[in-house]
Amino acid sequence: MKLATKIGHAIKEMMSKKYASKNAPRQHSEDRSAVRRIVEKWNFHERQNRSAGVVTDWIIDSKWSAKTRANFDRTLDQLKSQPKKSWSKPNPASKIGNHTYVIRFKDVSSSQLRLFGHFFDEHDTFVMTMEGYEKDDVYYPKNYESMAEAYRVECDKDFFITTSPFEDFCDICDK
Ligand SMILES: [Zn+2]
């Protein structure tokens, strides 16, 4: 073997060892995230509007009763362990657009409250982007799909600026 080839081989081997050790911790964290994906425990974020969360604002502005709030919490608790494909009836959420999902729950007067949003897989999160309601099997606002899609694009662009964890519903941001 020519000396130059020998040196070439040695360098290649060195580089590959260096590469392997450099990537070892990353590999480990990828494994952990794979485990989390199998468990499918979703976090919940809300869209930011003028530095306030839209869901938090909605809850305050519409002066939700304790019962409405309890209904909502129960709904999120139920959904957070459901894989995406189970976000459909009879569970309290459904896919209703290309990327858009709706979460269903009731307020005390049995009004059908709705929250529209999308999944952001990199953060194992469902992002709630806008409020609405359902009446006679029709969702409002009527242009929910185009609005939700525009919010999705906006939120995906800079996730940590355009969204924030919804209360303590994000285990990743909590740490
Ligand atoms: Zn988070």
Exercise for review: Would you pull out the residues with amide H under 5 Å of THR125's amide H, same chain only if 5 or more places away, H placed 1.01 Å from N?
Suggested key: ASN43, PHE120
Study note, to complete from the structure: As a percent rounded to 5, the proportion of antiparallel DSSP bridges among beta bridges in segment 41-174 is 85 percent
Review point. Shape call for segment 46-90 from the C-alpha gyration tensor, a ≥ b ≥ c root eigenvalues: rounded (a/c under 1.5), prolate (a/b greater than b/c) or oblate?
Key: oblate
Exercise for review: Before anything else, pin down the relative contact order of segment 61-127: Cα pairs under 8 Å, at least 6 apart, normalised by residue count, whole percent.
Suggested key: 24 percent
Point to revise | Unit charges at the beta carbon, dipole of segment 41-174: most positive-side option, PHE119, ASN91, TRP42 | key: ASN91
**Study point:** Pairs of lysines in segment 93-172 (C-alpha under 20 Å apart; 8 or more residues apart or interchain)
**Key:** 5
Revision key, fill the gap. Expressed in µm² per second, the diffusion coefficient of segment 41-174 from the Stokes-Einstein equation, with Rh the Kirkwood radius over alpha carbon pairs, at 37 °C and 0.692 mPa s, is 222 µm²/s
**Study point:** Pair LYS41, SER86: separation of 7 Å Cα→Cβ label points (nm)
**Key:** 1.5 nm
Check your understanding: What is the spin-label model distance, in nm, from ASP156 to ALA52 if the labels are put 7 Å beyond Cα along the C-beta direction?
Key -> 2.9 nm
Practice item. Report the FRET efficiency, 1/(1 + (r/R0)^6), for LYS63 and GLU134, where r is their Cβ-Cβ distance and R0 is 25 Å, rounded to 0.05. Key: 0.75
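The numbers here are math on the coordinates, done by the rules we state, and not lab data. Note that this is a predicted model, so its numbers are computed, not measured. Quick reminder, even Gly has a Cβ in these numbers, built from the backbone with ideal geometry, and neighbours come from all protein chains shown.
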